[in-house]
Amino acid sequence: MGQIDFLIYLAGVSLSSFAFFILYVLILKHLTFFKINRIYLLSALLFSFAIPCIKIDTDHRVIDVHNDPEIYHQIEHLSTLSSQPFIGNDQTSLSLAGIIIYIYIFITAALFCKGVHGLFQIVKHTKKKAVEVRGLKVIYKHSGFVNCSFFNYVFINPASFNVEEIKMLLQHEHVHAKQWHSADKIFLLFCKTILWFNPLIYWYDTALEQAHEFEADAITSKTEDPESYARLLIRMGSDKKSHILTHHFGKHPVKARILMLFAARSKAVSATVYLLAIPVFIGLILVFSVKLAAAYPSSGPVFTLILDAGHGGSDEGAAAGDITEKELSLGLVKQIQSLAEAKGISVISTRNDDSNLSLKNRGLARGDIMLSVHYNTSDNRNKSGIEILSGISANSSRRSVIKNLSLALYQQLSLLDGIATENLSREVTGSYLLDKSVSPAIMLELGYLSNTNDRQFITSPAHQNELSEAIVNSVLAYREAQIQHK
């Protein structure tokens with residue numbers, strides 16, 4: 001996942017959580033099914049993190065390319081390129097994305113450290129002498145966070161209560177401990193650390209803690225006098241000092257808790273409204289996760305891409321330790337083929353296994369374009385980057401195809417973060433495949449195995465996926481530019 005992809009993912013999480021929360025605020029929070037509300041809020045956050053990760057490719061080929069802004073923009077750009085060499089490399093958006101990521105990581109790390117420190121603060125206090133009451137470990141203290149609980153640890157200031165009030169407080173905190181509400185607090189702390197930039201996550205935190213208190217109040221009032229319990233809530237509501245990970249007895253608007261304490265319970269049939277979460281979930285899947293596969297109409301001509309995985313068999317190609325060019329190129333070609341076919345491109349692969357074909361046999365494959373995938377090496381370990389290589393052809397039509405395809409490849413590959421791309425294509429002589437192949441061919445040298453930075457990029461599964469997507473998007477952009485030209 002690249003930098004921009006990660007930012008898009010965070011935006012997807014935020015928008016998903018917003019959709020679920022709207023349903024909660026408008027309908028669900030007014031019901032007295034406090035435990036179900038708790039489960040809903042937790043599930044909403046979990047689904048919000050998961051939904052943007054789900055990718056569903058469809059095979060519909062009736063999509064108008066003009067409805068895909070990303071591809072259409074690439075097509076427009078390629079169609080208006082002049083005949084002069086393209087020497088610019090606008091990295092402004094990439095640099096901005098990088099700056100945003102670094103700021104995000106810094107703040108996230110700071111919040112994580114703060115959360116861990118707060119957790120250790122509580123753990124330190126749990127080491128103090130405790131009195132066990134109905135499975136609760138009661139610790140008496142007179143300052144700091146008091147009259148609150150963390151899992152089955154309850155911190156009480158004995159000067160604040162009489163015996164009867166302590167009994168009610170312990171009953172209340174017993175509910176928190178039994179229902180594992182503190183685990184929810186830790187989960188929300190994690191969510192706030194990841195989504196600190198989104199105000200909505202703090203509303204989730206408030207809503208979940210409110211559901212905790214409503215549930216504990218409702219259960220406690222079944223065994224204690226509701227009016228006496230309400231008076232205790234009013235008295236303790238003025239005590240504002242608490243810890244971020246504890247359940248404080250007097251926290252949250254006391255008025256809302258008392259109103260809910262005496263409110264009529266929702267009828268069982270009302271629980272059916274939680275089914276409204278299903279269309280919300282399905283809608284989010286459709287909005288964020290379904291990726292329309294084809295980028296050209298089904299009525300258009302079939303476009304065939306030839307993919308050649310360099311070397312094979314006894315010819316390992318470049319190597320670095322146990323990493324060989326033949327294995328890397330074959331693995332990447334399979335990824336490219338899978339993505340390309342999902343987007344409606346017909347693919348012919350010159351080799352699908354560890355076999356070594358002659359250059360002549362590789363060049364016989366007939367299609368619209370050929371991409372030969374390779375990796376580089378050099379005695380100079382400082383040499384790095386992706387190179388786009390082409391042959392020298394006397395055929396003007398073939399030269400035009402290679403030029404336009406090279407531009408499309410450069411446009412996409414130069415956006416990759418973590419590896420450089422040499423400007424445009426470089427013409428080479430003496431390459432049989434580039435000069436003699438039936439189809440117009442380009443050779444992609446996708447980095448140097450001899451360079452530490454390139455090698456780390458090349459062997460990273462995440463970056464391999466980025467490379468595959470960039471190459472397929474290049475082919476799509478080239479294809480549509482050709483259609484527009486015709």
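Derivation of every value follows stated rules applied to the coordinates shown; laboratory data play no part. The model shown is predicted, which means the values in this text are computed figures rather than measured ones. Every residue, glycine among them, receives a Cβ derived from its backbone with ideal geometry; neighbour counts consider all protein chains shown.
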Counting other beta carbons within 10 Å of each residue's own, what order do M260, M443 fall into, fewest first? M260, M443
Of K129/K222; K326/K383; K29/K185, which sit over 24 Å apart, Cα to Cα? K129/K222
What is the sum of charges, Lys and Arg at +1 and Asp and Glu at -1, for the other residues whose Cβ falls under 13 Å from the Cβ of F120? +3
Report the FRET efficiency, 1/(1 + (r/R0)^6), for Y9 and F112, where r is their Cβ-Cβ distance and R0 is 22 Å, rounded to 0.05. 0.75
Computed FRET value (nearest 0.05) for D354 with F18, which takes r as the C-beta separation and R₀ as 51 Å: 0.55
Pseudo-spin-label distance S346 to I483, built 7 Å along Cα→Cβ, given in nm, is 1.5
Counted charge near G310, where neighbours are those whose Cβ lies closer than 12 Å (Asp, Glu -1; Lys, Arg +1): -3
Using a Förster distance of 25 Å, how high is the FRET efficiency between A50 and I27, based on the Cβ-Cβ distance and rounded to 0.05? 0.60
For L434, the net charge from surrounding residues (Cβ-Cβ under 15 Å; K, R +1; D, E -1) works out to +2
Within the range 180-202: backbone nitrogen closer than 11 Å to the A256 label point (7 Å, Cα to C-beta): none
What is the dipole size for the range 364-481, taken about its Cα centre, with +1 at each Lys and Arg Cβ and -1 at each Asp and Glu Cβ, in debye to the nearest 20? 340
Which peptide among 410-418, 31-39, 302-310 comes first, and what is the full order, when sorted by highest mean count of other Cβ atoms within 10 Å? 302-310, 410-418, 31-39
Along the Cα→Cβ direction, 7 angstrom out, place labels at R426 and I39. What is the inter-label distance in nm? 6.3
Which whole-number percentage describes the relative contact order of the range 287-444, with Cα contacts under 8 Å and a sequence gap of 6 or more? 27
At 7 Å along the Cα-to-beta-carbon direction for both N361 and K436, put a label point, then send me their distance in nm to one decimal. 1.5
